[in-house]
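Each remark here refers to the structure printed beneath this line.
The values are calculated or read from the model by the stated rules, or taken from the named source; none is laboratory data. Just so we're clear, the structure is a prediction, and the values are computed from it rather than from any experiment. Backbone-built Cβ (ideal geometry, glycine too); neighbour counts: all protein chains shown. For the accessible areas, the whole protein counts, side chains as well, though only heavy atoms, and no ligand, DNA or RNA atoms are used. Shrake-Rupley method; radii C 1.70, N 1.55, O 1.52, S 1.80 Å.
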Amino acid sequence: MNVLGIESSCDETAAAVVGPGGVLADVIHTQEVHAAFGGVVPELASRAHVEKIGSVVRAALDRAGVERPGAVAATAGPGLIGAVLVGLSCAKGLAAAWGVPFVGINHLEGHLLSPLLEDPAPSWPFLALVVSGGHTAVYLCQALGDYQALGETRDDAAGEAFDKVSRLLDLGYPGGPAIERLATGGDPEAIAFPRPLPGPLDLSFSGLKTAVRTRVLAHDDHPADVCASFQAAVVDCLCTRVEQAAERTGVGRVILAGGVAANGALRHRMQQLGLDVFLPPRSRCTDNGAMIAHAGRLRLLAGHRDPLSLRARPGWALA
Ligand code: KG4
Ligand code: ZN
């Protein structure tokens with residue numbers, strides 16, 4: 001079965017077709033309107049999705065050579081409500097017009113299942129570190145839909161911390177790629193930023209962000225050193241938690257997903273932990289339609305269907 005997947009929860013308008021053999025087409029349009037504001041402006045995001053959704057879906061179907069897919073999946077949350085509604089409504093309309101099944105997908109589950117699109121794919125159970133702009137958590141994943149949060153951030157998400165530090169250093173939005181680029185020329189040990197590890201397996205990044213601000217205001221460090229040292233602190237915290245989760249659960253298979261999983265320093269360190277690590281390619285870490293089509297396909301094959309009355313869930317927790 002070919003599944004059309006639509007993603008519009010934040011600032012990417014994306015559509016993809018995934019079939020039994022893998023990804024047939026994956027079209028992503030990243031909104032540029034937000035760059036001037038240093039972050040995503042919700043209402044502008046909704047309007048830009050409305051403008052682009054038709055051509056992005058059309059392009060995905062054309063590239064896949066598919067006229068009418070066997071089913072349609074769309075992100076139903078979490079995300080910006082107006083943005084989610086655009087892709088979700090489009091998906092429902094297409095499913096109704098084509099007379100095919102529809103399924104609403106949790107955006108985080110889309111990220112979490114994206115390493116299963118790769119070869120080799122991890123087998124269940126596995127640990128998942130989902131690190132995006134809005135969420136950061138470690139899950140124990142036993143089967144499709146069976147996810148237990150072992151620890152999560154108590155304040156900022158890891159990606160949010162990258163974005164905030166980037167704004168502080170005037171590096172633009174999104175912050176992650178900008179910081180990673182500049183960090184390449186910096187010394188990760190130049191500044192000893194804190195590595196807060198609250199509670200049993202939780203994370204926290206707002207103190208780290210404040211430490212960077214305090215440091216930048218008081219010292220004249222090279223920005224490359226600030227970036228490298230900040231990035232090293234984030235990577236340390238995430239790797240420590242993954243190691244501890246593996247020890248605690250006895251599960252040594254780990255997948256990484258979400259925008260921050262595109263970070264080279266994080267990918268490198270994760271692969272040195274002595275665990276069995278599965279990484280999606282960088283382009284599949286940030287928001288895309290393939291992960292939604294793929295998650296939708298797995299759920300549909302497991303017998304899952306949603307009614308066209310399904311509502312958007314802006315604050316939908318995964319576990
Ligand atoms: O998964 P994603 O595309 O959207 C959400 O679901 O939030 O993640 C976006 C986040 C942003 O905060 C962005 O700064 C961060 O992922 N990011 C990165 C990198 N690429 C994107 N963070 C660190 N290093 C990167 N290379
Ligand atoms: Zn995402």
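On the stretch given as segment 1-30, residues that are within 12 Å of ligand 1 (Cβ to nearest atom) and either surrounded by 17 or more Cβ atoms within 10 Å (Cβ to Cβ) or within 23 Å of Trp98 (Cβ to Cβ) (or both) total 8.
Quick check, is Asp220 modelled with pLDDT of 95 or more, of a type in the set (D, E, K, R), outside any helix (DSSP H, G or I) and surrounded by fewer than 16 Cβ atoms within 10 Å (Cβ to Cβ)? The answer is yes for Asp220. Looking across segment 164-174, the residues that are in a helix (DSSP H, G or I) and over 16 Å from Leu238 (Cβ atoms) come down to Lys164, Ser166, Arg167, Leu168. Considering every residue within segment 273-286, establish whether at least one is under 18 Å from the mean Cα position of the chain (by Cα) and of a type in the set (D, E, K, R). Looking through segment 273-286, at least one residue is under 18 Å from the mean Cα position of the chain (by Cα) and of a type in the set (D, E, K, R). One residue stands out among those in segment 254-272 that are over 11 Å from the mean Cα position of the chain (by Cα) and open to solvent by less than 60 Å² (accessible area, probe 1.4 Å): the one that is nearest to ligand 1 (Cβ to nearest atom), which is Asn263. Tell me whether segment 117-130 contains one or more residues that are more than 19 Å from Pro280 (Cβ to Cβ) and not hydrophobic (A, V, I, L, M, F, W, C). No, segment 117-130 has no match at all. Could you say whether any residue in segment 293-304 is over 27 Å from Gly22 (Cα atoms), open to solvent by 20 Å² or more (accessible area, probe 1.4 Å) and without any contact (Cβ under 8 Å) to a residue 40 or more places away in the chain? The answer is no, given that none of the residues of segment 293-304 is over 27 Å from Gly22 (Cα atoms), open to solvent by 20 Å² or more (accessible area, probe 1.4 Å) and without any contact (Cβ under 8 Å) to a residue 40 or more places away in the chain.
Among the residues of segment 52-68, is there at least one that is under 17 Å from the mean Cα position of the chain (by Cα), surrounded by fewer than 21 Cβ atoms within 10 Å (Cβ to Cβ) and more than 22 Å from Ala302 (Cα to Cα)? No, because not a single residue in segment 52-68 is under 17 Å from the mean Cα position of the chain (by Cα), surrounded by fewer than 21 Cβ atoms within 10 Å (Cβ to Cβ) and more than 22 Å from Ala302 (Cα to Cα).
For Phe230, indicate whether it is away from ligand 1 (no atom under 15 Å from the Cβ), open to solvent by less than 50 Å² (accessible area, probe 1.4 Å) and within 22 Å of the chain's Cα centre (by Cα). Against the criterion (away from ligand 1 (no atom under 15 Å from the Cβ), open to solvent by less than 50 Å² (accessible area, probe 1.4 Å) and within 22 Å of the chain's Cα centre (by Cα)), Phe230 does not qualify.
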